[in-house]
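Heads up, the thing below is written out as structure tokens.
The values are calculated or read from the model by the stated rules, or taken from the named source; none is laboratory data. None of the values given here were measured: they were computed from a predicted structure. So basically every Cβ, Gly included, is an ideal-geometry build from the backbone, and we count neighbours across all protein chains shown.
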Amino acid sequence: MIKFLLGVVVALALIGGAIQFESTDESWSLVINKEAAMNSVQNGATKIYDFGSDLINDADKIKGVDLTVER
């Protein structure tokens, strides 16, 4: 469970552009911007929460619909 949550945080940081790849002729490195990482994780979590709540709210509207097909 902890590995899953850590993976989600890393994925959101990657999507948000908080992790940058820098390379030279001799070495390479990953540079993490802490402020951008925190903002991208917060924004991603907010978007996921909003999507989930919209999905649940839309499910209530579907209950009153009759899905029948006539030939």
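Descriptive notes on the structure:
- Annotation note: Cβ proximity below 7 Å between a residue of region 25-36 that is of a type in the set (Phe, Trp, Tyr) and a residue that is surrounded by 10 or more Cβ atoms within 10 Å (Cβ to Cβ) (sequence gap 6+ or interchain) occurs for no pair.
- Residue list for region 1-12, restricted to those being over 9 Å from the mean Cα position of the chain (by Cα) and surrounded by 10 or more Cβ atoms within 10 Å (Cβ to Cβ): Leu6, Gly7, Val10
- Total residues in region 6-26, condition among the small types (Gly, Ala, Ser) and part of a loop (DSSP other than H, G, I, E, B): 3
- Asp58 being at pLDDT below 80, of a type in the set (Asp, Glu) and part of a helix (DSSP H, G or I): yes
- Within region 21-39, the residues that satisfy the criterion of being in contact with a Ser or Thr (Cβ under 9 Å, 6 or more places away or on another chain) and of a type outside the set (D, E, K, R) are Phe21, Ser23, Ser29.
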